[in-house]
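Undergrad: This is the structure, below, for whatever I ask next.
The values are calculated or read from the model by the stated rules, or taken from the named source; none is laboratory data. Bear in mind that the values here come from a model prediction, so they are computed numbers and not experimental data. Every residue, glycine among them, receives a Cβ derived from its backbone with ideal geometry; neighbour counts consider all protein chains shown.
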Ligand code: ADP
């Protein structure tokens, strides 16, 4: 599903003393099946941008298309259920939302919320738990007996069980150690390829953006500053640093490497930094 923003502006607290224009006339395109990373300094509008894709926020002006679903600033009330079914959202620390007595029940919750039958929800839950690599021996245990990394996998399985075509990841590796981070990112890279999912990831980590995505959007002051392949975006190291991004020294080197070699080789050859 292609995603398009046309002249989207978002103003928080409109007509109040706290009015803040968080997105300023944004036009951009996220092709179906891409892995897009959104980078940018804190407050540049990353979260505001992605929250428009599943209707968590409504534009103050402009329109957004997600496949054939259109959200227009001028439209009054709209049933967002068909959009939410297509666009899964993995919030920061998604494991904080686990609540059921068993893992399998927790993963069933999402699809059942969309009106799927008990047996179909169980089938999808089992399939999703397999996709995230949680062995069947755990499925009937409490999610609260798991390690942090495993809990995050269960929460991700809950989003996958709805069978979305697009997944939004808001800092998916926050709070994980380097090994946990690499595991989660490899999982999404694998899901992206196997299920042809469109992935949109908000990240502070430049290396992750460079290695895992095929498009990088660098936000600055509520607007995309650069939107291109990681090879191209990270060749503008000086500009990225100027807008407050912590681009490591190795980035120029990595960008050249990405240009020269297939990405797969780079993933295995390059040690992820923190
Ligand atoms: P980022 O995700 O890049 O850190 P955000 O999209 O969260 O940026 O924020 C963009 C701007 O909008 C910031 O100036 C932030 O302070 C402001 N903002 C974000 N959420 C709200 C809100 N709920 N109310 C008012 N201002 C907000």
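Undergrad: Checking the conditions here, which among 100, 95 is more than 14 Å from the ligand (Cβ to nearest atom), part of a loop (DSSP other than H, G, I, E, B) and either within 22 Å of residue 153 (Cα to Cα) or over 14 Å from the mean Cα position of the chain (by Cα) (or both)? Give the derivation first.
TA: Numbers: 95 fails: part of a loop (DSSP other than H, G, I, E, B).
Only one candidate passes the filter, namely 100.
Undergrad: Please go through the range 60-69 and give me each residue that is within 16 Å of the ligand (Cβ to nearest atom) and in a loop (DSSP other than H, G, I, E, B), ordered by number.
TA: Once the filter is applied, which keeps residues that are within 16 Å of the ligand (Cβ to nearest atom) and in a loop (DSSP other than H, G, I, E, B), the range 60-69 yields only 60.
For every residue, the table says whether it meets (1) within 16 Å of the ligand (Cβ to nearest atom); (2) under 30 Å from residue 241 (Cβ atoms); (3) not in a strand (DSSP E or B).
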position	(1), (2), (3)
58	yes, no, yes
71	no, no, no
75	no, no, yes
78	no, no, yes
82	no, no, yes
85	no, no, yes
112	no, no, yes
125	no, no, yes
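Undergrad: On to the next question. I need a count of the residues in the range 86-106 that are under 13 Å from residue 142 (Cβ atoms) and modelled with pLDDT of 95 or more.
TA: Adding up the residues that qualify gives 5.
Undergrad: Please indicate, with yes or no, whether at least one residue in the range 143-155 is modelled with pLDDT of 95 or more and either outside any helix (DSSP H, G or I) or surrounded by fewer than 17 Cβ atoms within 10 Å (Cβ to Cβ) (or both).
TA: Checking the range 143-155: not a single residue is modelled with pLDDT of 95 or more and either outside any helix (DSSP H, G or I) or surrounded by fewer than 17 Cβ atoms within 10 Å (Cβ to Cβ) (or both).
Undergrad: May I ask you to verify whether residue 235 is farther than 19 Å from residue 48 by Cα and at pLDDT below 90? Before you say what the answer is, go through the steps one by one.
TA: Working: farther than 19 Å from residue 48 by Cα: yes; at pLDDT below 90: yes.
Taking the combined requirement at face value, the residue satisfies it.
Undergrad: In addition: Output the number of residues of the range 127-141 satisfying the condition of being within 27 Å of residue 185 (Cβ to Cβ) and assigned to a loop (DSSP other than H, G, I, E, B). Can you show your working first?
TA: If we filter the range 127-141 for residues that are within 27 Å of residue 185 (Cβ to Cβ), which is where we start, we get 127-139, 141.
Then drop every residue that is not assigned to a loop (DSSP other than H, G, I, E, B), which leaves 132-135, 139, 141.
Within the range 127-141, residues that are within 27 Å of residue 185 (Cβ to Cβ) and assigned to a loop (DSSP other than H, G, I, E, B) number 6.
Undergrad: In the range 133-142, how many are out of contact with any helix residue (DSSP H, G or I) (no Cβ under 7 Å at 6 or more places or on another chain) and surrounded by fewer than 12 Cβ atoms within 10 Å (Cβ to Cβ)?
TA: Result for the range 133-142: 3.
Undergrad: Moving on. Just name the residue that is nearest to the ligand (Cβ to nearest atom) out of those in the range 40-56 that are under 15 Å from residue 3 (Cα atoms) and part of a loop (DSSP other than H, G, I, E, B). Quick ask: steps written out before the conclusion?
TA: Step one: of the range 40-56, the residues under 15 Å from residue 3 (Cα atoms) are 49-55.
Those still in the list that are part of a loop (DSSP other than H, G, I, E, B) too: 52-55.
Working: 52: 10, 53: 13, 54: 15, 55: 16 Å.
So the residue we want is 52.
Undergrad: Next question, about the same structure. Can you tell me how many residues within the range 235-254 are in a helix (DSSP H, G or I) and within 16 Å of the ligand (Cβ to nearest atom)? Reasoning before the result, please.
TA: Step one: filter the range 235-254 for residues in a helix (DSSP H, G or I), giving 237-242, 250-254.
Retained after the next criterion (residues that are within 16 Å of the ligand (Cβ to nearest atom)): 240.
Adding up the residues that qualify gives 1.
Undergrad: Looking only at the range 12-39, which residues are within 11 Å of the ligand (Cβ to nearest atom) and at negative phi?
TA: 12, 14, 16, 18, 19, 20, 21, 22, 23, 24, 38, 39
Undergrad: Would you call residue 9 without any contact (Cβ under 8 Å) to a residue 24 or more places away in the chain and more than 8 Å from the ligand (Cβ to nearest atom)?
TA: Details: without any contact (Cβ under 8 Å) to a residue 24 or more places away in the chain: no; more than 8 Å from the ligand (Cβ to nearest atom): yes.
When the stated conditions are applied, residue 9 does not pass them.
Undergrad: In the range 194-227, how many are modelled with pLDDT under 95 and within 15 Å of residue 28 (Cβ to Cβ)?
TA: The number of residues fulfilling the criteria is 2.
Undergrad: Can you confirm whether the range 46-55 contains a residue that is over 29 Å from residue 149 (Cβ atoms) and touching a residue at least 12 places away in the same chain (Cβ under 8 Å)?
TA: yes
Undergrad: Could I ask something else about it? Can you list the strands (runs of 3 or more DSSP E) lying wholly within the range 170-234 that have 2 or more residues being buried (at least 18 other Cβ atoms within 10 Å of the Cβ) and either within 14 Å of the chain's Cα centre (by Cα) or at positive phi (or both)?
TA: Values: elements: 198-202, 215-220, 223-228.
In the range 170-234, the matching strands (runs of 3 or more DSSP E) lie at 198-202, 215-220.
Undergrad: Also, quick follow-up: Could you check residue 23 against (1) in contact with a helix residue (DSSP H, G or I) (Cβ under 8 Å, 6 or more places away or on another chain); (2) in a loop (DSSP other than H, G, I, E, B); (3) surrounded by 22 or more Cβ atoms within 10 Å (Cβ to Cβ) and say which number it fails?
TA: (2)
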